[in-house]
Each structure stands twice: as C-alpha cells, then as structure tokens.
Amino acid sequence: MKTSQSRTTRRKILRAGAGSLFVPMALASGKAPAQGGRKPFEGVTLNISCWSSTYPTLLAQYIPEFTEKTGIKVNYDTPGFPVYNQRADLELSTKGSGFDVLNVTFIYTSRWIGAGWLTPLDEFIKNPERTPADWDFADFLPGAVEPMRDKKGAVYGIPWISDVMLAGAGRFDLFKANGLAMPDTFDELDRALQVVNKKDNVAGYGVENHWGWTFIPFLQGFGGNVFRNPPDDLMPALDTPEAAEAAEFFAKLINSYGPPAAAGYTYDQVTEAMRAGRINYAPQNHVFLALLGEAGSKVTATSNFSMVPKGPKGRFPGIASHGWGIPAGAPLAAWPGFAPIGREHLFLRVLEPLAGTLVVRLDPGRLPHCPRDGSDGSAAGPEAAPLWQLDRQPGVAVVVQVRQFLPRLARGGYRPAGTVGVDAGARSHCAGRHLVLHV
C-alpha cells in the first residue's frame, strides 16, 4: 500500500503542475525553469527500468545531472533480459505501481500495446507546451518506430535500439577467390555456398537456432508468413506451400553447408565460430557481426557484409526495436524525464567513447570521410574515401567503422563529405569499431 500511495502522490504532483509548467529538455539546454529558486519537480521520484544493455547502463551516469537540473530523483534498475521481461510483463498485466518508465521489449510489443497497458505518447510528442520543437520525432527512423505503433498508428514507445539482421562473411576471401560477390538472392546464396563450403576446412554456413527470428526472412522471401493477415487475422499460416518451400530451403542451408550439429548453434556459438574462421557466412544481428572486427577475431581482414539475400517475393530483413514507454495511468509523471533520453545529442554523448546503434536520423551534410593513407590500418589509397556507404532504399542497415568517427562527429570535427557512396555491401576502410546506422 505504501508503494501505491507514493506512486499516486508523485503522479498527482505532476498532473497538477505539468499543464502549466513546461520543462525543456534539461540535458540539452543546460537550464531548467525554477519558481522561487526551487527546481521544477523537486520532491518527485520516478522508477525506471530496462534490461541490462550498453546504452541503458551508460545512461545511469547522466542521472545525477538530470536530477540536478529538474529536481526529479530516479530509481533506475537494469536487470538481465529474462528477469526484466518477467517483471515488466507481470507488473503491466496486474496494473502494478512499480514502474513509471520502462523498456518496451520487442517480443512483447503486440501484447503490451494491444492490451492497453501502455500510454500513447502522441499527445506529448505533438504538444509544444510539453515537448520543445527541436525534439523532432521525425528524426527517429520509421523502421525503428513502426513496431511501437498500434494498428491505428498511435505511438507507445521511443526507440533506443533496433536490432537489424544483416549477412556477414568472415572468410569473404574464399568468395572472392572463386569470383563470387556477397549473395544478393537465395539462388546466389545456394550456388555460392556450394563453391565455398569446406574450403580451407571452413563450414560454409551457420545460423542461430532462434528460428522465430532467423527463419522469417526466408519464410517471407518465398511469399509465406507466420499469420494469415496480421494484425487483423492471426490464424497461423505455416502450412502453406510457400512456408513448406521456405522450410526446405532453410533446412538445406543448415544441413548441407553447416558444421556438425549446426541446428543446435546459439547466436554466441555462431558468432564465435565466425570470429575463429570456422564458419564463413551467416545471417546475423548487426551487433554480433560487428564483433568480426573486434579484438580477438581472426577474420577482421577478410570479412564482408551485405543485406540479407532476397527471395522470389522480395527482401525481408528482421528488425527488432526496443523503446522507452510509460505504463497506462501515468502519462504526466514520466514525460519530463522521459523525452530527453531519445535526443540525438544524448545519443552522441553516450556513444562517443564506443560504438552502438543510432535510431535517430543524422544530417547527411555531416557525413564524413576517413583517411586512406595507411595511418588507420588500411591499405594506402586515395587521400580520402567515403566513410559511410549508404543505400538510398529505406530500411537499409550499413556497417560503419567508428573508432575515430563518433567523438569527432559529436564535436563537429569532420568536414562534410559531399557526395557519398551508395554501395551498401561495401566495407569502410577506416579501422576501428563498428557502428550500424539504419537509414
């Protein structure tokens, strides 16, 4: 009862004050309005939770700054992924009072949004009295936001990460030696794997056994679907001829070109096998493929990346967004502390010392070049080459090397690139960590 009473109190405080007292995004402006020297939300405490990941963990270091500028105290919890999901689902389904802001986990978006357990955010996003104009929701990429909408288009989460499935080849040198490019179609993939499989004792193919994620691009590529007509008709559709054809092709890749016991490989086993040069090609999340270029990898100099191949009915890379949401019943309690965490400036501040995923749109005029004189570990070449390879198609994910890039971008230290390349399959020649941008 004490928890519920406390929650009611802080929500009443904010409901009473938020309509007349606008708090600009304190972490951006460096200012917060005050009345009589008091901080605008002094005495308010918010309970915020997300599963443990790099970005949510790094946000913790900005909580004291946020509290200093707004007066809002934050209880911030980042348990492991399974524990978080169990807690959040129980809390939301029982209309509990434990969270004011929480992560909207991608595998629960339909359940949580469809059940009405989250607050629609459009009222806050579009209201200039609650959200400053320079916090432009249009900066968030449509592919990252779409999973956070209901069937009517209302928004229930602000994305902070999108996992995107790419294709990677750790031993692309074996492809190249046989005159092969990164496969662009299912047929090209099958033919290429026939050639490179077991070359240098390297298995041609690997895939994690999370079939609900890794099989879908093949299922939809052949024209099948999990449900008949989602979200209106959720009759399972895995007994169609298209689904059967996709399953046969998917199984062939694993059984014909995979290592022994390939069907049992988890995502970390596939990743480590690729880093060790024991598996050549895999459709994988970008965050795992990025590790091919990290310390300890034996394939940094031979790896290459592309979009997942397309089937007869098109290309369907998996995209899984996580976002910040507000439980139903607490719309005003959390927004003053909620909106700043999605601002571009804070993404850049948090990501400056390392690589990560941006779900905000950056100005193409700021796209940089990187040196090609050998000083970055690449082969000597022209004075400068595009650091970003952008395919103009929506939803394309691009692997970019960023050891030097993010800090300088945040400080405006890179000159504009002018015309940028458009080959999404090409690799950057800048040495360092990887960043994936969804453009």
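Structural remarks
- Selection from the range 137-195 of residues that are within 30 Å of residue 114 (Cα to Cα), out of contact with any strand residue (DSSP E or B) (no Cβ under 9 Å at 6 or more places or on another chain) and not in a helix (DSSP H, G or I): 150, 151, 152, 153, 154
- Yes/no for residue 247 being crowded, with 19+ Cβ neighbours inside 10 Å and closer than 20 Å to residue 192 by Cα: no
- Candidates are the residues of the range 217-249 that are part of a loop (DSSP other than H, G, I, E, B), of a type in the set (Gly, Ala, Ser) and touching a Gly at 6+ places or on another chain (Cβ under 8 Å); the one that is nearest to residue 164 (Cα to Cα) is 223.
- Residue identified as surrounded by 13 or more Cβ atoms within 10 Å (Cβ to Cβ) and at pLDDT 85 or above among 84, 55, 62: 84
- Residue satisfying all of: in the range 240-285; of a type in the set (D, E, K, R) and within 16 Å of residue 211 (Cα to Cα); nearest to the chain's Cα centre (by Cα) among these: 268
Okay, residues lined up against (1) at pLDDT below 90; (2) under 11 Å from residue 156 (Cβ atoms); (3) not β-branched (Val, Ile, Thr):
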| residue | (1), (2), (3) |
| --- | --- |
| 107 | yes, no, no |
| 114 | no, yes, yes |
| 121 | no, yes, yes |
| 124 | yes, no, yes |
| 128 | yes, no, yes |
| 131 | yes, no, no |
| 135 | yes, no, yes |
| 138 | yes, no, yes |
| 143 | yes, no, yes |
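- Elements of type strands (runs of 3 or more DSSP E) in the range 274-342, at least 1 residues being at pLDDT below 90 and surrounded by fewer than 18 Cβ atoms within 10 Å (Cβ to Cβ): 319-325
- When residues of the range 44-70 are limited to those that are part of a strand (DSSP E or B) and of a type in the set (Val, Ile, Thr), the one farthest from residue 321 (Cα to Cα): 45
The values are calculated or read from the model by the stated rules, or taken from the named source; none is laboratory data. Model, not experiment: these values are computed from the prediction. Note that we place each Cβ from the backbone using ideal geometry, even for glycine, and neighbour counts take in every protein chain shown.
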